Every structure is written in structure tokens, then in C-alpha cells.
1. Through the Karplus equation 6.51 cos²θ - 1.76 cosθ + 1.60, θ set to phi - 60°, convert the phi angles of the range A:204-217 into ³J(HN,Hα) values in whole Hz; use x for Gly and Pro.
2. Place a +1 charge on the Cβ of each Lys and Arg in chain A and a -1 charge on the Cβ of each Asp and Glu, then give the dipole magnitude about the Cα centre in debye, rounded to the nearest 20.
3. Which length gain, in nm to one decimal place, applies between A:ALA188 and A:GLU245 when the Cα-Cα distance is subtracted from 0.36 nm times their residue separation?
4. Ratio of Rg to Rh for the protein assembly as shown, alpha carbon only, Kirkwood?
5. Could you tell me what % of all Cα pairs in the range A:169-213 have separations over 14 Å?
6. Relative to the compact globular guide of 2.2 N^0.38 Å, what is the alpha carbon radius of gyration of the range A:141-278, as a ratio?
7. Please state the relative contact order of chain A as a whole percent: Cα pairs under 8 Å, 6+ residues apart?
8. When a/c is below 1.5 the answer is rounded, else prolate if a/b is larger than b/c, else oblate, so apply that to the range A:269-419 with a ≥ b ≥ c taken from the square roots of the Cα gyration tensor eigenvalues.
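Every number in this text was worked out from the coordinates using simple rules, so none of it is lab data. The shown structure was predicted, so the numbers you read here are calculated from the model rather than taken from an experiment. So basically every Cβ, Gly included, is an ideal-geometry build from the backbone, and we count neighbours across all protein chains shown.
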Amino acid sequence: MKRREFLKFAGATAGASSLASLAGCASAVPSKARVVVVGGGFGGATAAKYIRLWDPSLDVVLVERESAFTSCPISNLVLAGYSSMQEISHGYDALRRHGVQVVQDEAVAIDAQRRVVRLGRGDDISYERLVVSPGIDFNFGEIQGFEAAMNSGRVLHAWKAGAQTVALRRQLEQMRDGGVYVLSIPLAPYRCPPGPYERASMVAAYFKQAKPRSKVLVLDANPDVTSKGGLFKAAWKDLYPGILEYRGNAKAIGVDPATMTVKLEVEDVRGDVLNVVPPHRAGDIAQKAGLITTNNRWCDVDWRTMESKAAPGIHVLGDATLSAPAMPKSGSMANNHAKIAAAAIVEILGGRTPAPMQILNTCYSFVSQKEAIRVSSVHAWDEKDRTLKTVPGSGGVSAARTEAEGTYAWNWARTIWADSLG
Amino acid sequence: MRFLVLAAAALAAIPATAQELQGRNLAAACSICHGTEGRSATNDSPLIPLAGLPRDHIATQMRAFRDGKRPATVMHQIAKGYSDPQIEALAAWFAAQKR
């Protein structure tokens, strides 16, 4: 729907939708709320929960199209057979117990002037403050042939955990011993900097156990491993020699499912399972709502409140944001962005002025079934540069891969799932 | 009577002082590993719950991590991001949370 049509429609139906609510329409979608949150991932779910924790007088509506959350963290372990879809899936009932009204639907339009969100079923919800935590969508056009190959089920990204995670696991299980799994990584910034290298490690671990003549070939558009490089390379050398091969400066520009090849700028590479991750941008609703500010990809925000630089009253969280310096697109960061937004919204709606917050990132990656490595950083408001910057001297990576880090990695996963959705 | 109890519960969510608000906001970042309000998310967490620990103990341990006096896998790197007043605010807030 075009923006102008939506504005007209929003005006014409405002009365009708409140009548529908009064009549107790079956959908039970409220016509207004102090705060509406779009997207129930690490960012949106956490924002909804923490606004209710910090000011129970505020009514919060969460709009999410799926009936359950599927975690990208740990989904690489599902590919290796070390975890399950059940383990990484979490429903929204606990948020309901915090008093969040969860509406399962897609937000299809946002009118920032009138402060109204339009749902796929046609209802409108008006808000005082809106949180948009849309995650990512893909610029499929940058990899020729990818979208058709994905739609046919031949070539997958599996970079949103869910149906493609299951399908990629099946492809790996069905691949002959002696086959080649090709993983293509886009140029940074992309969701979860260490994620592709963890995935390569997990598939290599599976091959080593189940299909030892098989190979993992990593084609990285970046010149070198973008996160925890020394730790990943040491693990690959020690654990997966002859199985995992890494190539930097290997940018995919196309795929051909007929010949099962990934096209690079200078050569074609054949594989038996092609896992191509296209470049991303902020999720579709951010694009439709005019929240994208930078490179046609990301949403710039005020890091004291997460408020959009493009639309007052709208707070944007998570992977969709134009990242602050040295800030990864991670679940930990999205969860922390949500707490900045929640605190700011509670202060603003209470008639007070929010203070800048200090947040932190901790990301674990498995390199074998039991061993993990980690990166951490602390981010504080810098008054001079008007952004969040890492605190000098803080942060770093694991000393080495260990099973202890693996234990802490599982603790992180279970704890952040509960902190965001529990 | 019931109204008064409810009103008190609602008020309890709003921090009364600037240090309390600072402590709450700083502590929120910790909960990705330590659990919401410092309470463990699982029964078999390898981490000690921070909620209700003595204030001095939390502050002393944070400074020990920061100054390299207590070995750690990650806390030595994270604690270096916090000043003494921030550590005091964090410790006071966690100590005040029910277990």
C-alpha cells in the first residue's frame, strides 16, 4: 500500500476500528496502547518485558507475526545435530504473564505522523511511543540467481533461524560422504559477525564425526575472519585439518542451482550443499516506514534513547540499526538496545528526561560440540562524539577455546532467552 | 487496603533516587548472563545469583576482577568498563533485590 493511501485509510477507519473494539471483535486487538512494539525477537521481546517491569502502569502491545521465537544463537548447533529446533524455540506466554498484550500478526505499515500501526488483518493500533525491532531482510538482488534458487529450496541462507535451519540440516544429512559444503559470507556489516565461522566449525565437526571424507569450503567476501579470528583459525588448524578450507576476498556474485555453483568475481566454485548468505539491510517494515537513513540499509538512532533519526516517537532496535563504532549486530546488543529504549520510554512518558546508559556485549561461539570462544565489549555514551563507544581498556576475547567457555555459552543462551522472553 | 498495597507495588517499580536508577540501568546489561534482576534463569546455572548478595561483597569482587586480583574467564574484561561510582551503584542495586 502506498503511504498516501494508508494515510487516507487510517483517517477514514479510525471510528470504525474503535467501534469494532467496543463490540468485542474476535481478534481482540486493542485500538490504542501507550507503547506498541513491532517484532518479538531479542530486541522487541526484551523491550516489551522491561517496559512492563519498570512501569507496570504502561500498557504494551507486542505485534509479532510468528507464534514463537526461534533463536539464531545455538541454531548452528542444530545444523550439527547438537541441539534441536525445540530447544531454540520459545513461545510468548511468559510475556503475557508480564502483562504484555501479544498480537500475532504482521505490521504492514506505520504512519509516524498520526502514530498508528496497521496490521495485516486491517486493524490499526495507535500509540504514544513505538518500538520497531524488525531484524534483517536480504538484498537478494546482489547475488544473481539466489532468490529463485532459494524459492526452489536448492540454495539456502538459513540466516534467520526457522524453516531454513531445518532444511539446511536435512541437506547436510542427505549429502554424500566426500561432498563439499560451501558457505558464502557477505561483506560486513551483517548479523552476528562470528556466526558464519561458528557455522563452518559446526558443520566441520559434524562431517568429522559422520562423513569424514567431506569438506567445508568457506568463501568470505571479507579479506579475513571478521571476529575472533585467531581463536577460530587455531581451532580449524587443530580440529579440522583437511576438512575446513577458508578463503578470504571471495565475494559471491551469483549462484547457479543447475550446476550447483557459486559464482565469484574470478571463478566458479562447485559444491554439493550451497549455503549462501546474501547481504542484509534493516527489515522490511523499517524500509516501508521510512526508518532507513544510511546506505539504503540501516536505521540511524540517538543512542541515548534508541529514537529514530528519521521519525520522532519511534525507537529502532537491534540488527536494523546503523551500528555504533565497534558494536556488533548481535542478540546481546539487541537485548541491551531494548533496555536503553525501555528506560527512555518510561522516563519520557513519565515526564522526565532519560539519562544515557552503559551497555555490554558478550557473544559466545562454539568451535566443537563442547568447546566455545567468546568476545565481549562495554559501550558507554560519549558526549563529544554523540554516540556509544567502547570503554578504553575494557572487553576482549577468550584466552583459548575451552569446555568451560562452552558451559558459559549455554548459560548465556538459556539466560538471555529467559531475560528476553521469560 | 488492597488499593494501598497495589499502589505500593506499582511505586516500587520506579527508582526513588538517582543512584537507584543508575544501578537499575547498569544492572540490566548484566542480566544476559546473570538473569533478570540478578536471579538465575535456570536451576543449574554455573553463576551465583547476584540478587540479594551483600553490597560490599559485590563491590569488592567487581574491583578484584577489574584490578586483576580475581581470575576470571570474562569478568576481568567486563569489569574494566566500570568506574568506582558505577560499581557502587550496581552493588547497591543487586543487594536490594529479593533472591
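1. Going residue by residue, I get 5, 4, 5, 4, 4, 7, 10, 9, x, 8, 8, 10, 10, 10 Hz, with x marking Gly and Pro.
2. Roughly 140 debye for chain A.
3. That works out to 18.5 nm of additional length.
4. 0.97
5. 52
6. 0.96
7. Once divided by the residue count of chain A, the mean separation gives 17 percent.
8. Oblate shape, in that a/c is at least 1.5 and b/c is the bigger or equal ratio.
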